[in-house]
Amino acid sequence: MASNASQTKPQGVWRQLLDNPYIFGLSAFASLGGFLFGYDQGVVSGVLEMQSFAAEFPRIHVDSGFKGWFVSTLLLTAWFGSLINGPIADRFGRKGSMLAAVVVFTLGSALQAAAKTTAVLFSGRAIAGLAVGMLTMIVPMYMSEVSTAGIRGTLVVLQQLSITLGILVSYWLEYGTQYIGGVRCAPDIPYTGGTPDKPKFDPRFDVGPPGHRCSGQSQAAWRVPFALQIVPALILGVGMLFYPESPRYHLMRHQEDAALRSLAQLRRVDHPDSECLREEYLSIKAEVLFDETIARDRFPGKTGASLYLAQYGSLVSTKPAFRRLAIGCLIGFFQQFMGCNALIYFAPTIFGQLGLTGGTTSLLATGVYGIVNTLSTLPALFLIDRVGRRPLLMSGAAGTCISLVIVGAILGAYGSNLPQHPAAGWVGIAFIYIYDINFSYSFAPIGWVLPSEIFNLGNRSKAMAITTSCTWMCNFIIGLVTPDMLEKLQWGTYIFFAAFCLLAFLFTFFLVPETKGKSLEDMDEIFGDTAAHEEKQRLFNIAASLGLTAPMPTPDKIDAVTAEAQEYA
């Protein structure tokens, strides 16, 4: 006979969030890691437009290739950080990993804010990027491990919202700090760059003598934004000292009492041996034992690095496994090659191409872009589980493609004469915003959600590490090549990204499965294997051997059923 609990209608997501304010608050706090990533993404676009920064580092301003390396150095080391943080998090804990990332990020930010030479500036970018990669990997993992199943997906979208909020805050902060000392480096020195009709600042000549290069705009205009990102990092680091470690991590380390205490704190229960914790505690333990038996049975005799490599090799060992990995990686590839981060990193330059002259005006338009970016992410919260992933992805790809074709056509038709045709310029700006709307409700959040839904349990963590690193590498490539593309291809840059938007539409239509409401066994049918079915049976047997319907086990009982489960598997 079914229990009353099993007959109770499941609560809605928002009801569960209200019933779990501690978890929601903890997750919102932990998502400061996403905020730091978004802030560091957005801060660079405004800094590149500030004349006092260009006077201090003229090569970054005049050499588009070097500018690309300045932007993408952070992205390259973030890729590396996301790869190495898995073993770090398993060895030192989720909290330990986050605290280490905060220390590294603080060091990198301080170097960027205090840099007097290009070498120190690039070192700061590289160090901060390492921390950003670590945080983007560990924060979603921590959030998923401490939350309840019913609100886990919503908390993933919370992480995406935090990223967009970080971008938004950095845009508007820089719009304000650019006025420290004035917007021009040396107001009394005329511009020598550009053309007679459209003069531009040249940091090699339009500055004062050494030591007094900028009599106008202060270096604080760009040093303050770099320094201020230390504040949320320190808040994250200090705050995490008061939150519990993941119960799953404690069980991975065979620390039974610590896992119970951690779970009790997360669920706001006074006594760790409370009956209401029993089922959840044993469910987590079953999952940990499942991972251990999978590793032992699939890769007998392997430990350490050899086991680690063998687990990654299994992702391409069969055609269905390879197909899953390919779809997950290609979602991340298209997420970047549709041009989203090109606009985030170089938005002021793009708005300048569309006729918004002057750094102040282009930074203002960039700030509005940040608002649109944040608000357009919100529909994903309500639509992703109503209309499905595929419709959102296809409509987003179509909208972004059309928008970029129109922007490219306007720039191609008017070229350098666009300032004399302000109406055309404003149409182009409008379609940049329309592009952002279409991307923000589709590939921006779903590019992170969908890959996690197509992998079976035994491979999911390793597969997600690969798909995340693929996204970071594509992000690095876009940050590196976009400055040269904007300078040399100009309108062709938008057609280039529009072509990938079209390919993303075709890829989604023909190859991407719908995951809304689908179980892992349904994914087996789509990909033509039985991995999830076999793993579910294994997990069920392990859970049954732990006696999920028995009274709360004593330490002796825990040891006994653990040995029984391991012997059975």
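Since every read-out is calculated from the coordinates, none of them should be taken as a lab result. From a predicted model like this one, the values you see are computed outputs, not experimental measurements. Neighbour counts are summed over all protein chains in view; Cβ atoms, including those assigned to glycine, are modelled from backbone coordinates with ideal geometry.
Over all pairs of different C-alpha atoms, the range 29-178 has a mean inverse distance whose reciprocal, the Kirkwood radius, equals 16.0 Å.
Kirkwood radius for the range 127-262, taken over all pairs of different Cα atoms as the inverse mean of 1/r, rounds to 19.3 Å. Within a straight-line Cα-Cα reach of under 13 Å, K536 can be paired with the following aspartates and glutamates, leaving aside sequence neighbours fewer than 8 residues apart in one chain: E287, D291, E521, D522, D524. When you count the other C-beta atoms within 10 angstrom of each residue and take the mean per peptide, 309-322, 86-99 line up highest first as 86-99, 309-322.
Peptide packing for 361-369, 332-340 was compared via the average number of neighbouring C-beta atoms within 10 Å per residue; ordered from the highest value, the list is 332-340, 361-369. Given +1 at the Cβ of Lys and Arg, -1 at the Cβ of Asp and Glu and no other charges, the dipole of the range 345-484 around its Cα centre is 340 debye to the nearest 20.
The simple spin-label model puts a point 7 Å past each Cα toward its Cβ; for F29 and D270 those points are separated by 2.3 nm. Between Q537 and H212, full extension at 0.36 nm per residue minus the direct alpha carbon distance yields a gain of 109.8 nm. If you take the alpha carbon atoms of the range 471-514 and fit the smallest convex hull around them, that volume is 66 Å³ per residue.
Full extension of the segment from M252 to T148, taken as 0.36 nm per residue of separation minus the current Cα-Cα distance, would add 35.6 nm. In terms of distances greater than 31 angstrom between alpha carbons, the cross-link table entries K285/K518; K285/K516; K67/K95; K116/K200 yield K67/K95. For the Cα trace of the range 232-292, dividing Rg by the Kirkwood Rh returns an Rg/Rh value of 1.05. Using Cα atoms only, what is the angle between the long axis of helix 94-114 and the major principal axis of the chain, expressed in degrees (0 to 90) to the nearest 10? Relative to the chain, helix 94-114 is tipped by roughly 10 degrees. For the chain, the Cys residues with no second cysteine's beta carbon closer than 4.7 Å are C276, C340, C474.
Distant-in-sequence amide contacts of G193, defined by a placed amide H-H separation under 5 Å and a gap of 5 or more residues or a different chain, comprise K200, D202.
Once the C-beta distance of A430 and S519 is scaled by a Förster radius of 60 Å, the resulting FRET efficiency is 0.90 to the nearest 0.05.
Each residue of the range 338-353 is assigned a 3J(HN,Hα), and the resulting list reads 7, x, 4, 6, 4, 6, 5, 6, 10, 4, x, 5, 5, 5, x, 4 Hz, derived from the Karplus form 6.51 cos²θ - 1.76 cosθ + 1.60 (θ = phi - 60°), x at Gly and Pro. Protection proxy ranking for 123-135, 428-440, using the average of other Cβ atoms within 10 Å per residue and placing the highest first: 123-135, 428-440.
If the segment from Y22 to V62 were pulled out straight at 0.36 nm per residue, it would be longer than the present Cα-Cα gap by 9.4 nm. Working from label points 7 Å from Cα in the Cα-to-Cβ sense, the L511 to I526 distance is 1.4 nm. Against the chain, whose longest principal axis comes from its Cα atoms, helix 64-92 is set at around 20 degrees.
Entry note, the chain: the mean residue ellipticity at 222 nm calculated from DSSP H runs of n ≥ 4, each adding -39500 (n - 2.57), is -24500 deg cm²/dmol after division by the residues and rounding to the nearest 500. Distance between the modelled labels on L309 and K488, one decimal in nanometres: 3.8 nm (7 Å Cα→Cβ projection).
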